[in-house]
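Down below is the structure, laid out as structure tokens.
Bear in mind that the values in this text are calculations on the coordinates, not laboratory data. Please read these numbers as outputs of a predicted model, since none were measured by experiment. Cβ: placed from backbone, ideal geometry, glycine included. Neighbour counts: every protein chain shown.
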Amino acid sequence: MSRALVVKFGGSSVSRLSHLKTIAMVLQQRAEMFDSVVAVCSAFSGVSDQLSLLCDALDSQSTDQGHLAQIILDHQNKCEEFGVPFDPNQKYIADLRTLTKGAALIGEVSPTLRARIMSAGELLSTTIIHQFLMQCNLSCTWWDARKCLQSTPTSNPITSRLSAVCTFDSEPSLMAKLKELETTVVITQGFIAAQPDGSTVILGRGGSDTSAAYFAAKLQAVRLEIWSDVPGLFTANPKLVDNAKLLRVLNYDEAQEMATTGAKALHPRCILPLKHHRIPLHLCATPFPNIEGTKITDGAAIAGVKSISSKKGVYLVSMDTLGMWQQAGFLADVFACFKRFDLSIDLVATSETNVTVSLHFEDNGSTPSVWSKLKSELEAHCQASLVGPCAAISLVGSGMRASLHKLGGIFEYFAEHRLYLMSQAASDLNLTVVVDEAISDALVKKLHSKLIGGFGDLSTFGTPWNALSQTEDQPVKKWWHSQIKTLTEIGKSNPTPHYIYHLPTIQDRLIDLKSLSAISQCFYAIKANSNPRILELVHQSGFGFECVSIGEVQHVRRHIGDKATVLFTPNFASRSELKAGRAECDYLCIDALHPLEHWASDLAGTSIFLRIDLGWGGGHHKHVVTGGKRSKFGIGVADLPKAIERCQQANITIVGLHNHSGSGITDSEIWATKTKALIELAADIPTLRYLDIGGGFGLDIDLSAVDSALLPISKANPNIELWIEPGRFVVADSGIILSTVTQIKSKLGKCFVGSDAGMHTLIRPALYGAWHDVHNLSKGLNVPPNHQQVVDIAGPICESGDIMARNRRLPTCEEGDILLIDTTGAYGWCMSSEYNQRPKPPETLLT
Ligand code: LLP
């Protein structure tokens, strides 16, 4: 049986020389693996828009305002950029000139003519791309898609020509035709097809994805690959939410739902042919050819919210009437009005006297200006009003009904904002709310941080966009990039696994934190990394130390001495530990009523902080959320009066309130939110001078946003100092682990690379599903994709959870290669163990 592959390249992929080179490489590789490879290409970026404007100008009988000249010039420029000869009399340019002239004479552009003019974009781009690829020594054949894709005409001449639908039955004769060609690779057009009489039609905007799906179905392809400028579908629009995560796997229904509710990376219509024939779809990106993108298959879906999509330009039509109650046919009557205006309805909400529907005029090829006509028709049946522009925000994922209990917290956002309509899809794949367009971006960000944020099952959620995007043109500047040789040497000539820390990076982070103008004092949470040289650096930078055990307090005293300012914040400490801590530290934080009720005499005469649980928390994983019902930390707000009373009775002075919400938080607003809440509580404590608003700063937090949110609060409360106590942010990206490849194993279709670093070295992947980038230093960072493979990196510990990283694309590894596990400066060595009698790793500091 022949194996065909269909690969589609979008406009942005074919419009840049560097991406075209990637395309040549991808096609070369695929040609070695498949019997036939069909490359479906879009027009160059912006060309379809220009063609559409050209048609509009001709149709409105105004003269072409230079669109044609611009289109020709754009193609000439592309040819120059790609080093391909340009022929101004080339067939499709000549055709375009003739068609334009003809339309100008007639003074109108019929749907047939529009389809012919629009098709020039793809016909021209594929001709140029074909020439370029041939010059790259890729032998390939140019094909006219209209010879293969046949549309099914309908009674509507406009949609038949401009939003055509094609058949997608398997077509063995097409495969046979491909096999007769001399080349394995065929270059053809997306977006265009032909009616049975051979006349040109187009598939509607974004139709190239659908063309590719038709080709895949007809050829019964092994898979379809769609290459664009993003490697797949994300948990939110990455242009809006920069820590949106790449979705690794989705099933067809989820992908379809995301595409329909606003995800731009995929056209909704392309799913059906693939689903029908169970052809997997892989989304890939030309700027990141080494990254495995989203895979869409017919697999079972893991339940839960996978993305927050939003669609702007939505309008609501609210229809009121008493007459509909128990009256058959009301909906039929009003919906018939929408039908007459060719408006399709997206969401519907009904009550006894009102029906509200949502629609998107633009998606229907219309504009809100039709409203006055529609309204007068509707008013034969009801009172109608239009609300908008709104945005429909959809939480998409399988089994939404079963996940409803997890969504409870999000409804608080609607306390301040109007929620017009809410709809839970009958398919159980989405929950949609319609809100004012103006608040939609902020709401998407909030929902994303609350529902997806740092959490995630590694098999579903992949690399965040901000990490991916930095790998494109300007690779993230990591301190170790300039030290690859030295590090490989260290790895080769020292025992591994081995922790390395870069002190200048820590210094930079300390400076970042010290420059927060709303903060009076910073404490370093030594639990993140208590290496004595790091503590020295932290101390020299004017930080105090936050310690959670008497052991940590003594460690600071041993290495830094009495000059260190120590804040002791233990949880469920014994009476003796608390007593010892009180004697050895500068500030003591009490996080329960128990010590105040039972050991008050030990605390008499002291000044203390009270740790408060505000009832909520956050963080990268549920294990690190330290607020709310499930959390064991702090005194509930309802118990604060009791705590204050106990302190008064026992001569204990409350000088501070403390709240730490969790770790790895990326929502910059939470520190201001909690400060406001603590200030309200402080009103009952006249002796209060400090608010410690905790640590928890995620690595990609926008510190300046935190500061600007805090500044007005600190200015309004000049007698209260704001303190923070970060750990991770200070040390995480200064640290790496060097490990050695021990063995390579291929089993049941999976490749494992053995590493001597395992869960005893770094517990974070096993404990929190944490993501750490892994690189093969021995092979370098610029290994071409054909020397890479997708592997799981496994440690030597006798537990199945001992996997440091799953499904990573790495240069082909060999025994003895040195691996680098990145961003391991925080909660790395300090959480390592001697499990299985394997020693704790050595640590080295670089200056
Ligand atoms: N203050 C208190 C009271 C804390 O419990 C913590 C961290 C911090 C400050 C510092 O939080 P940071 O800025 O580092 O996020 N092992 C986990 C993190 C546990 C955090 C424990 N408490 C991990 O590897 O992600």
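Sticking to Cα atoms, compute the Rg of region 657-710 to one decimal and its Dmax as the biggest Cα-Cα distance, whole number, in Å.
Cα radius of gyration and Dmax of region 657-710 are 11.8, 37 Å respectively.
What trypsin sites (Lys or Arg not before Pro) does region 1-100 have in DSSP loop regions with at most 15 other beta carbons within 10 Å?
Answer by residue number: R3.
Over all distinct alpha-carbon pairs, what is the Kirkwood Rh of region 557-657 in angstrom?
Hydrodynamic radius (Kirkwood, Cα only) of region 557-657 equals 14.4 Å.
To the nearest Å, what is the center-to-center distance of region 367-390 and region 148-213, using C-alpha atoms only?
Rounded to whole Å, the Cα centres lie 38 Å apart.
Could you give the C-alpha radius of gyration of region 484-533 expressed as a fraction of 2.2 N^0.38 Å, taking N as the number of residues it contains?
After normalising by residue count via 2.2 N^0.38 Å, the value is 1.59.
Just to confirm the filter: which GluC sites (Glu not before Pro) across region 144-252 are DSSP coil and have at most 13 other Cβ within 10 angstrom of their Cβ?
E182
Could the peptides 793-804, 241-252 be put in order, highest first, of the mean number of other beta-carbon atoms found within 10 Å of their residues?
241-252, 793-804
Which semi-axes, in whole Å and largest first, does the equivalent ellipsoid of region 330-403 have when worked out from the alpha carbon gyration tensor as the square roots of 5 times its eigenvalues?
In descending order the semi-axes read 24, 16, 11 Å.
Can you list the residues, at least 5 places off or on another chain, whose amide H is less than 5 Å from the amide H of F523, using H built in the peptide plane?
So F523 has HN proximity to G544, I724, E725.
If we count every other residue with Cβ under 13 angstrom of L640's Cβ, Lys/Arg +1 and Asp/Glu -1, where does the sum land?
Residues near L640 contribute -3 overall.
Quick one: Kirkwood hydrodynamic radius for region 135-288, alpha-carbon pairs, angstrom, one decimal?
For region 135-288, inverting the mean 1/r across all distinct Cα pairs yields 16.6 Å.
Restricting the count to DSSP beta bridges whose residues both fall in the chain, what percent are antiparallel, rounded to a multiple of 5?
The antiparallel proportion sits near 50 percent.
Enter the mean projected area of the convex hull around the alpha-carbon atoms of the chain, in nm², rounded to one decimal.
Average projection, Cα convex hull of the chain: 41.8 nm².
Work out how much length K179 to L272 would gain on full extension: take 0.36 nm times their residue separation and subtract the Cα-Cα distance, in nm to one decimal.
The span from K179 to L272 would gain 30.8 nm if fully extended.
Assuming R0 = 56 Å, what is the FRET efficiency of Y835 and H405, from their Cβ-Cβ distance, to the nearest 0.05?
0.95
Work out how far the C-alpha atoms of region 62-128 reach from end to end along every principal axis, then list the three figures in whole Å, largest first.
That works out to 38, 21, 15 Å along the principal axes.
Which peptide among 614-621, 732-739, 113-120 comes first, and what is the full order, when sorted by highest mean count of other Cβ atoms within 10 Å?
Output ranking for 614-621, 732-739, 113-120: 732-739, 113-120, 614-621.
Distance check, please: which entries in K8/K339; K295/K339; K492/K745; K8/K406; K477/K750; K632/K676 exceed 27 angstrom between their Cα atoms?
Flagged as over cut-off: K8/K339; K295/K339; K8/K406; K477/K750.
Counting Lys +1, Arg +1, Asp -1, Glu -1, what net charge surrounds C140 among other residues with beta carbon under 12 Å of its beta carbon?
Charge balance near C140 sits at 0.
Taking 0.36 nm per residue of sequence separation and subtracting the Cα-Cα distance, how much length would be gained by fully extending the chain between S155 and K514, in nm to one decimal?
Gain in length upon complete extension: 122.3 nm.
Normalising by the residue count of the chain, find the relative contact order in percent from Cα pairs under 8 Å and 6+ residues apart.
9
Can you check how the C-alpha radius of gyration of region 110-200 compares to 2.2 N^0.38 Å, as a plain ratio?
With N residues counted in region 110-200, Rg over 2.2 N^0.38 Å equals 1.20.
Exceeding 28 Å between C-alpha atoms, which entries from my cross-link table qualify? They are K311/K446; K312/K450; K311/K715.
K311/K715
What does the highest-first list of 261-272, 808-819 look like by mean Cβ count within 10 Å?
Highest mean packing first, the order is 261-272, 808-819.
Ratio to report: Rg/Rh of region 1-129, with Cα atoms as the point set and Rh obtained by the Kirkwood method; give two decimals.
Here Rg/Rh amounts to 1.05.
Helix-derived [θ] at 222 nm for the chain: sum -39500 (n - 2.57) over DSSP H runs of at least 4, divide by residue count, nearest 500?
-10000 deg cm²/dmol
Multiply the residue separation of A705 and F86 by 0.36 nm, subtract the distance between their alpha-carbon atoms, and state the gained length in nm to one decimal.
Stretched out fully, the A705 to F86 stretch lengthens by 217.8 nm.
Give the residue list of GluC sites (Glu not before Pro) in region 380-461 that are DSSP loop and have at most 13 other beta-carbon atoms within 10 angstrom.
Here the GluC sites (Glu not before Pro) that fit, given the DSSP loop and packing criteria, are E416.
Over all distinct Cα pairs, what is the inverse of the mean 1/r for region 279-319, reported as the Kirkwood hydrodynamic radius in Å?
14.2
Once each part is reduced to its C-alpha centroid, what is the distance from region 44-111 to region 645-680 in angstrom?
So the separation of the two Cα centres works out to 65 Å.
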